[in-house]
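Heads up: the structure comes next, in structure tokens.
The values are calculated or read from the model by the stated rules, or taken from the named source; none is laboratory data. Please read these numbers as outputs of a predicted model, since none were measured by experiment. FYI the Cβ positions are ideal-geometry reconstructions off the backbone, even for glycines, and counts take in every protein chain you see.
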Amino acid sequence: MERADARRSVLLQTYAAEVFLPVVRAFVENTAIALGLGENEANGLTLAAKEVFIHLCRAVLKNGERVEIRCSNGSYYVQADFIFPFSPGLELHAFNLNTAASAAEDAGLQETGLVLASRSADRFMITRLEGKELKLTLLKEKAYPPFEESPLALPKPMDEFSVRPPNPEELKLFAHLVKACYRDQALPEVFNYPGKLVDMAGGANYDAAIAVGPAGEIGGGTFWHRSGKRSVEFFGPYLFNQNAGSPIGAALLESCIGAIIKTDAVVLLNRFARAEFAREHFEFLGGVSVYTREGKPGRREAWFRLLHEDLGSLAWVHPEIEDFLREQYERLVLPREIRRVTDEGEQHPRHSVLSATIDRSHASATLRPMWFGTDFAENLGRHLKLLSQEEILNVFFFLDAGKSWQAAFTPGLIENRFKPCMIFPCWGAGDVAVFQFQGAVQ
């Protein structure tokens, strides 16, 4: 499959003064369109960028301080990064999912703008850079038509096959075959948009492989992507109307490993293990209970294997989950230096910020910490209330042990009935502890 051009980016350096707002607005809009967004999506990203810039000018930065805005493409999305000096008075809690516009209006028009920004972008991230700078990222995905079911002729069981990368039409057919053969199982959201899968596989971080028979029929497939600094996540293998014990699954896995074994990735991980998944070559990370909107229970398991020797890393841990992490590291034989993080009276911001990824088709939401604040326990409770109203029954929280500041979220998670259930090694800056909310289904 032909690769897209290398990741492209365009940079604007300006100053925190509203006189430059027309420049910022035109830059983001025109660059987003040039990088592949449609007009509607570009307008959404532009609105979000405009409101962020206004907020920086009015409430965060001193007049004339420098702001760097970088727009870049990611094959299926465009993102706008704002890089600016850190300010102790920075307040971004309007980005929380549970912030209502009416509540923001009570606090002033400045926060109303951030509410608009958070709703106009598909995702956002706050990153603390080296020195005294922050990066606020706004991400907008391209629009894709949803999956439409169509009659499919399933392949016959294959004795002869070869494994190779798919072309775009084969990749779309692969997505349709997955939806047809695994219709009653939890699948990654991307299979709902075959065109998005094609763009992902044409970018820098995603790859795919299919097993093809003598007549070009597709008997199975898999795809994978870089998920952290030292980890790769793969999905599948998915087999289509093949006999039990078919060698196709193992061949697809070997193709994935062969493609990444010479990289610096240490861990290969599968969060959606299928029946065809060769568990004997992997270590069990753990499982979670998942529920449909009707309350029907199911189970999802995660497995991993080391591609190279894990030479160890730091894990910043709150005492409340230290025993859990030590047990996991001992069971998985992962060398880690555990460092406790405790509150010793230092000052913290008042408001916390969380990002939320919602998969309505599976009644699932994943929360991630963006900014710590002393109101975290209450903020998390408000998120849970909103998700409950939306009939989201499966709520997870990802905590990165490679980032010391995230350990402070632990007491609020325990208070809100979250329980650590597994770790994903090397998933983020370090290992990611996965918590699941225990109160959604009684």
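Observations on the model:
- Here Glu233 qualifies as within 30 Å of Phe418 (Cβ to Cβ), in contact with a Ser or Thr (Cβ under 7 Å, 6 or more places away or on another chain) and surrounded by fewer than 22 Cβ atoms within 10 Å (Cβ to Cβ).
- Applying a threshold of 7 Å to beta carbon distances and a minimum spacing of six or more residues, or different chains, the list of pairs starting in region 72-94 at a residue that is assigned by TED's automatic domain parsing to the domain that holds Arg58 and modelled with pLDDT under 90 and ending at one that is assigned to a strand (DSSP E or B) and of a type outside the set (Val, Ile, Thr) reads Phe86/Glu133; Phe86/Leu134; Leu92/Trp371.
- Test: residue in region 139-151 that is of a type in the set (Lys, Arg), touching a helix residue (DSSP H, G or I) at 6+ places or on another chain (Cβ under 8 Å) and modelled with pLDDT of 90 or more: yes
- Residue in region 395-405 that is free of Cβ contacts under 8 Å to residues at least 40 places away in the same chain, of a type in the set (A, V, I, L, M, F, W, C) and in contact with a Lys or Arg (Cβ under 6 Å, 6 or more places away or on another chain) present: yes
- From the options Glu29, Glu41, residue that is in contact with a strand residue (DSSP E or B) (Cβ under 7 Å, 6 or more places away or on another chain) and under 25 Å from Met200 (Cβ atoms): Glu41
- Checked against (1) farther than 27 Å from Tyr144 by Cα; (2) touching a helix residue (DSSP H, G or I) at 6+ places or on another chain (Cβ under 9 Å); (3) not in a loop (DSSP other than H, G, I, E, B), Asn63 passes all but a single condition, namely (3).
- With respect to the stated conditions, Thr357 fails to be surrounded by fewer than 17 Cβ atoms within 10 Å (Cβ to Cβ), within 21 Å of Gly298 (Cα to Cα), of a type outside the set (A, V, I, L, M, F, W, C) and free of Cβ contacts under 8 Å to residues at least 60 places away in the same chain.
- Scanning region 313-332 for residues that are closer than 23 Å to Asn416 by Cβ and not aliphatic (A, V, I, L, M) gives Trp316, His318, Pro319, Glu320, Glu322, Asp323, Phe324, Glu327, Gln328.
- Checking each residue in region 386-429 for being more than 25 Å from Glu233 (Cβ to Cβ) and of a type in the set (Gly, Ala, Ser) picks out Ser388, Ala408, Gly412.
- Residue match in region 355-371 (condition: at pLDDT 95 or above, among the aromatic types (Phe, Trp, Tyr) and outside the structural domain of Phe272 (by TED's automatic domain parsing)): no
- Counted residues, region 262-271 - those being surrounded by 18 or more Cβ atoms within 10 Å (Cβ to Cβ) and farther than 13 Å from Phe424 by Cβ: 1
- Single residue of Gly195, Gly203 found to be crowded, with 16+ Cβ neighbours inside 10 Å, in contact (Cβ under 8 Å) with a residue 12 or more places away in the chain, part of a loop (DSSP other than H, G, I, E, B) and out of contact with any strand residue (DSSP E or B) (no Cβ under 6 Å at 6 or more places or on another chain): Gly203
Conditions tested, residue by residue: (1) over 17 Å from Lys419 (Cα atoms); (2) in a loop (DSSP other than H, G, I, E, B); (3) under 24 Å from the mean Cα position of the chain (by Cα); (4) among the charged types (D, E, K, R).
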residue	(1), (2), (3), (4)
Leu268	yes, no, yes, no
Ala273	yes, yes, yes, no
Leu311	yes, yes, no, no
His351	yes, yes, yes, no
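- For Glu160: the one exception among (1) of a type outside the set (A, V, I, L, M, F, W, C); (2) crowded, with 16+ Cβ neighbours inside 10 Å; (3) within 19 Å of Ala244 (Cα to Cα): (2)
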